[in-house]
1. Along its principal axes, what span do the Cα atoms of the stretch 118-185 show, with the longest given first and each in whole Å?
2. Running a GNM on the chain with Cα contacts under 10 Å, which residue among 124, 100, 243 ends up with the highest mean-square fluctuation?
3. Residue by residue through the stretch 76-92, which ³J(HN,Hα) values in whole Hz follow from phi under the Karplus form 6.51 cos²θ - 1.76 cosθ + 1.60 (θ = phi - 60°), with glycine and proline marked x?
4. For residue 248, list the aspartates and glutamates whose Cα falls under 14 Å from its own Cα; do not include residues on the same chain fewer than 8 positions away.
5. So, R0 is 22 Å and r is the distance between the beta-carbons of residue 26 and residue 272; what FRET efficiency does that work out to, to 0.05?
6. Can you give the extra length, in nm with one decimal, that the chain gains between residue 314 and residue 131 once fully stretched, where that is 0.36 nm per residue apart less the Cα-Cα distance?
7. Find how much the distance from residue 71 to residue 106 grows on full extension, using 0.36 nm per residue of separation minus their present alpha carbon separation; answer in nm with one decimal.
8. Compute the semi-axes of the equivalent ellipsoid of the stretch 170-325, taking the square root of 5 times each eigenvalue of the Cα gyration tensor, and list them largest first in whole Å.
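The values are calculated or read from the model by the stated rules, or taken from the named source; none is laboratory data. Bear in mind the structure is a predicted one, so any value in this text is a computation, not a measurement. Every residue, glycine among them, receives a Cβ derived from its backbone with ideal geometry; neighbour counts consider all protein chains shown. The accessibility values were calculated without ligands, DNA or RNA, using every heavy atom of the protein model including side chains. Shrake-Rupley method; radii C 1.70, N 1.55, O 1.52, S 1.80 Å.
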Amino acid sequence: MSGVGLDPKTAPTFPMAAKAMLGDTQLRKNVRHATDVIQEKRARVVGEMPDWQELREAGRQIRRHTMEYLDFYLEEFEANCTRAGGVVHWARDAEEARGIVVGLVKASGSDQVIKIKSMTTEEIQLNSALEAAGIHPYETDLAELIIQLGEDRPSHIVVPALHKNRQQIREIFQREMKLPELGERPQDLADAARMFLREKFLRVKTAVSGANFLIAETGGVCVVESEGNGRMCLTLPETLITIAGIDKVLPRFQDLEVMLQLLPRSATGERMNPYNSIWTGVDAASSGDGLRDGPRVFHVVLTDNARTEILADEEGRQTLNCIRCGACQNACPVYRQTGDMRMGACMRGRSGRF
């Protein structure tokens with residue numbers, strides 16, 4: 001089962017969607033509690049930084065400069081990624097991106113994939129395309145797994161299952177993992193997810209990932225996460241396919257010094273993400289005992305999907321500076337009342353992108 005994608009062109013209008021969400025009192029309660037917790041944590045760790053505003057300005061300048069010279073840095077990324085053994089593909093829109101990924105998975109000989117950092121794949125509705133081609137996707141981020149097993153859609157850019165409480169998650173796991181005696185403690189739920197996913201990590205040979213950042217200077221890709229599932233997903237499979245919007249590029253490796261201080265504090269209220277994975281190219285040769293260091297085959301699908309149209313708009317291009325921390329969503333009075341980012345009007349306002 002896959003998370004249900006939302007087509008912004010056919011989604012209900014904002015008034016219709018908002019009315020339905022306002023009637024879901026449990027969802028609204030879950031969202032208010034979760035966003036309050038995140039905002040409190042963010043305020044605490046931001047307050048520790050005497051140069052917080054200077055860091056924010058540095059991040060803004062990096063992103064502004066990158067967008068001004070985006071074509072140059074994308075070409076630099078392609079050249080350096082290719083030199084390191086990666087293969088770079090260019091996709092003009094969601095349909096082309098889906099076709100490239102489905103073709104690559106088929107070429108790998110797999111009929112299953114494990115996935116991490118899936119918001120860009122939600123944008124292009126990849127899971128439905130994979131399933132239509134006879135390929136089963138497994139989400140490995142815990143929140144995305146909850147969404148997938150519950151046949152739901154992400155409700156938050158950073159915490160996709162934020163609208164679900166512990167009891168609701170337990171019911172999903174009991175039903176979909178066939179665990180009727182599953183306990184309700186957080187540890188019980190974590191153990192169930194760990195057992196479910198570990199089998200996938202050890203067996204499935206092809207992975208699909210998103211990316212937090214692309215590094216032009218090295219041709220590398222950066223993913224940050226809090227669980228370690230991403231590290232498993234990025235290193236165990238033989239084939240890794242990364243899908244990233246063209247706006248994810250950074251000029252220099254050194255720019256991560258700024259971004260990796262800003263992102264975790266604003267996104268989840270952490271001083272640093274527990275897992276920061278950066279990989280560049282592949283290690284095609286195996287050692288004599290069969291061990292290898294990461295995937296043997298690495299692809300990057302650079303996806304436009306209306307980003308160049310936004311880039312051409314002098315005012316609208318500011319949205320491409322976003323590093324997807326979600327802090328604006330946590331503070332948004334509309335989101336906190338309606339409790340859902342899945343409403344069509346909100347998505348259409350961002351050209352269908354998260």
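1. 35, 27, 15
2. It is 100.
3. Couplings: 5, 4, 4, 4, 6, 5, 5, 4, 8, x, x, 10, 9, 10, 10, 10, 6 Hz.
4. 68, 71, 75, 76, 78, 217, 304
5. On the way: r = 33 Å, r/R0 = 1.51.
Given R0 = 22 Å and the Cβ-Cβ separation, E is 0.10.
6. On the way: separation 183, 0.36 × 183 = 65.88 nm, distance 3.87 nm.
Gain on extension, residue 314 to residue 131, equals 62.0 nm.
7. Working: separation 35, 0.36 × 35 = 12.60 nm, distance 3.04 nm.
Going from the current span to full extension adds 9.6 nm.
8. Details: eigenvalues 189, 107, 48 Å².
Computed over the stretch 170-325, the values are 31, 23, 16 Å.
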